[in-house]
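Here the structure is laid out as structure tokens; the discussion comes afterwards.
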Amino acid sequence: MLSKKLIENVLLAALSTGGDFAEIFVEDRFSTNIDMVGGYVENSISGRDFGIGIRIFHGLNSVYAYTNNSSEENLIKVAKEAALAIKSSKKDIVLNLMKADVDNRHVVKIMPNKAEKARKVELLKMGYESAKSYDPLISQVTANYFDEEQDVLIANTEGLMVEDKRVRTRFKIQSVASKDGETQVGFYGPGASMGFEFFAKVDVKEVGKEASRIAKTMILADYCPSGVMPVVIHNEFGGVLFHEACGHGLEATFVAKGTSVFAGKLGKQVASPLVTAIDDGTIPNEWGSLNVDDEGTPTQRNVLIENGILKSYLVDKLNGKRMGMKSTGSGRRQSYKFPPTSRMNNTFIANGDSTFEEIISNTEKGLFAKKLGGGSVNPATGDFNFAVMEGYLIENGKITKPVRGATLIGKGIEVLENIDMVGNNQTFGQGVCGSLSGMVPTNVGQPTIRVKALTVGGRKGDE
């Protein structure tokens, strides 16, 4: 992507005013994004995004600059301009970049650009028609096809030089059900670090049916009662609650500043002994997986919480310096336009010993949150608020009628402490997570869990 000699010259220019460390991140990304609304293609965008980011450390501070002009003259100019933010005595520097081989865990059988756009539109049409014809209550369907091929080169003044290729494919359907002037939304959006072979694994018709099933179920549901009650949160995208309410608080981005509820708690009990939570960027072909992070560090399996004890944080290079810790392969960024920081990959609560049936039958009365929607969280306090996309009452140990309008309200660390049953049916759900370094693809996951007491927002009159 860039010659070794050019990279060395840019890195030397970056340290010309006395910086401690410099890094160059080169990105070449091809992507396709197609939206279908009302059975017609509304947007179809295929494009290339190329650029270079240059980062410099001086002590615990950093400077970042980026450009999409890859000429040597421009790159050295950008590096020197960034270096002007640092005023220190220049050091003698010897660079010896050693190109490292990448162990590719994410085999791609069919590159997305090998599939005709007409075939991608055909898949959208199939998913759309499956969702729209599900029931007369379905008033609107939006379908989305996405793929990308991202080539990166990362080099730094510690001698690292590594290249990697990332390929991702995703298919999403959102259905809207309407009745008596009200609407409810259903959504399903599987994705993977795979090429076009993804569609041998995922049936787009079933994706459409699932989105419409949720929307129809909720438009016919009564409103959820409010109050403090046991809540059973299902697997797959139910893991978004841990991701948002706890996972962000385990990122060094917040821990290093002392703005996380988990800061200073390594080795301490922060959750029920039933809870083991992991972030693993190495799982083959999973949506949030990478061979190396965006700082060139190999990803790894990070046990964050083990049997309720806080064992580790998610650490990037700069915050690792601030905390006196090594990187955990968690430095991520949306693109060359963002400096990296600590982020999640595939974050999940590990399997426990209970079956789904045991969890439900042991719950006398409560809420079954089958699918969660969007939410918000304050990493400093762990306070969160999540919408339940699909919910049901549990009565006398059985799932009974569907309920809508439910929200889950609480503190992440209290939820962890109140988990009293953990299932054995862990699965993943796909999402895109936003933070200081932009939007990155992440997997969330868990088995079915029960929180013995959680505040549920609904309608008091329906209790």
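The values are calculated or read from the model by the stated rules, or taken from the named source; none is laboratory data. None of the values given here were measured: they were computed from a predicted structure. Glycine gets a Cβ as well: all are built from the backbone with ideal geometry, and neighbour counts include every protein chain shown.
In segment 77-111, which residues are within 19 Å of GLY159 (Cα to Cα) and under 34 Å from the mean Cα position of the chain (by Cα)? If the condition is that a residue be within 19 Å of GLY159 (Cα to Cα) and under 34 Å from the mean Cα position of the chain (by Cα), then ALA79, LEU97, MET98, LYS99, ALA100, ASP101, VAL102, ASP103 are the ones that fit.
Selection of segment 277-295 for residues being among the charged types (D, E, K, R) and not in a strand (DSSP E or B) yields GLU286, ASP293, ASP294, GLU295. Applying the criterion of at least 2 residues that are under 30 Å from ARG170 (Cβ atoms) and not assigned by TED's automatic domain parsing to the domain that holds GLY281 to the strands (runs of 3 or more DSSP E) found wholly in segment 1-110 leaves 21-37, 40-58, 61-67. ASP180 meets the conditions (1) outside the structural domain of ASN285 (by TED's automatic domain parsing); (2) buried (at least 19 other Cβ atoms within 10 Å of the Cβ) in every case but one. The failed one is (2). Taking the stated definitions as given, is GLU251 under 15 Å from LEU304 (Cα atoms) and either among the hydrophobic types (A, V, I, L, M, F, W, C) or modelled with pLDDT of 95 or more (or both)? Answer is yes for this residue.
Among (1) outside the structural domain of LYS109 (by TED's automatic domain parsing); (2) modelled with pLDDT of 95 or more, which single condition is ASP151 missing? The one condition ASP151 does not meet is (1). Can you spot a residue in segment 155-167 that is over 19 Å from MET389 (Cβ atoms), buried (at least 22 other Cβ atoms within 10 Å of the Cβ), touching a Leu at 6+ places or on another chain (Cβ under 8 Å) and among the hydrophobic types (A, V, I, L, M, F, W, C)? For segment 155-167, residues over 19 Å from MET389 (Cβ atoms), buried (at least 22 other Cβ atoms within 10 Å of the Cβ), touching a Leu at 6+ places or on another chain (Cβ under 8 Å) and among the hydrophobic types (A, V, I, L, M, F, W, C): present.
Exactly one residue out of TYR64, TYR134 is among the aromatic types (Phe, Trp, Tyr) and either surrounded by fewer than 18 Cβ atoms within 10 Å (Cβ to Cβ) or in contact with a Pro (Cβ under 6 Å, 6 or more places away or on another chain) (or both), and it is TYR64. When restricted to residues that are over 18 Å from ASN424 (Cα atoms), among the charged types (D, E, K, R) and not in a helix (DSSP H, G or I), segment 228-276 contains 4. Number of residues in segment 99-113 that are farther than 15 Å from ALA200 by Cα, in contact (Cβ under 8 Å) with a residue 24 or more places away in the chain and among the charged types (D, E, K, R): the value is 3. In segment 368-400, the qualifying residues are those that are touching a residue at least 60 places away in the same chain (Cβ under 8 Å) and of a type in the set (Phe, Trp, Tyr), and the one that is surrounded by the fewest Cβ atoms within 10 Å (Cβ to Cβ) is PHE384. Restricting attention to segment 183-201, the residues that are of a type outside the set (Gly, Ala, Ser), closer than 29 Å to ALA221 by Cα and either buried (at least 18 other Cβ atoms within 10 Å of the Cβ) or within 24 Å of the chain's Cα centre (by Cα) (or both) add up to 5. Quick one: in segment 210-224, which of the residues that are in contact with a helix residue (DSSP H, G or I) (Cβ under 8 Å, 6 or more places away or on another chain) and surrounded by fewer than 19 Cβ atoms within 10 Å (Cβ to Cβ) is farthest from THR455 (Cα to Cα)? In this case the residue turns out to be ASP222. Inside segment 254-265, residues that are under 21 Å from GLY308 (Cα atoms) and charged (D, E, K, R) make up a count of 1.
Whether a residue is assigned by TED's automatic domain parsing to the domain that holds LYS125, surrounded by 23 or more Cβ atoms within 10 Å (Cβ to Cβ) and over 29 Å from LEU454 (Cβ atoms) was assessed, and PHE146 does not pass this test.
Could you pull out every one of the strands (runs of 3 or more DSSP E) wholly within segment 387-437 that has 2 or more residues that are touching a Cys at 6+ places or on another chain (Cβ under 9 Å) and either modelled with pLDDT of 95 or more or farther than 14 Å from LYS371 by Cβ (or both)?
Numbers: elements: 398-404, 407-411, 419-422, 427-435.
In segment 387-437, the matching strands (runs of 3 or more DSSP E) lie at 398-404.
When segment 321-338 is filtered for residues that are more than 18 Å from VAL162 (Cβ to Cβ) and either under 21 Å from the mean Cα position of the chain (by Cα) or buried (at least 24 other Cβ atoms within 10 Å of the Cβ) (or both), the ones remaining, listed by number, are GLN334, LYS337, PHE338.
Of all residues in segment 114-158, those being touching a residue at least 60 places away in the same chain (Cβ under 8 Å) and under 16 Å from TYR40 (Cβ atoms) number 18. May I ask you to verify whether LYS365 is surrounded by fewer than 22 Cβ atoms within 10 Å (Cβ to Cβ) and modelled with pLDDT under 95? Answer is no for this residue.
Residue-by-condition table, conditions (1) outside the structural domain of SER437 (by TED's automatic domain parsing); (2) surrounded by fewer than 23 Cβ atoms within 10 Å (Cβ to Cβ); (3) without any contact (Cβ under 8 Å) to a residue 60 or more places away in the chain:
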residue	(1), (2), (3)
GLY249	no, no, no
GLN269	no, yes, yes
THR276	no, yes, no
GLY281	no, no, no
LEU290	no, no, no
ASN307	no, yes, yes
LEU318	no, no, no
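Close Cβ contacts (under 8 Å, 6 or more residues apart or on different chains) running from residues in segment 406-427 that are closer than 24 Å to PRO225 by Cβ to residues that are basic (Lys, Arg) and in a strand (DSSP E or B) comprise ASN418/LYS452; ILE419/ARG450; ILE419/LYS452; ASP420/ARG450; ASP420/LYS452; MET421/ARG450.
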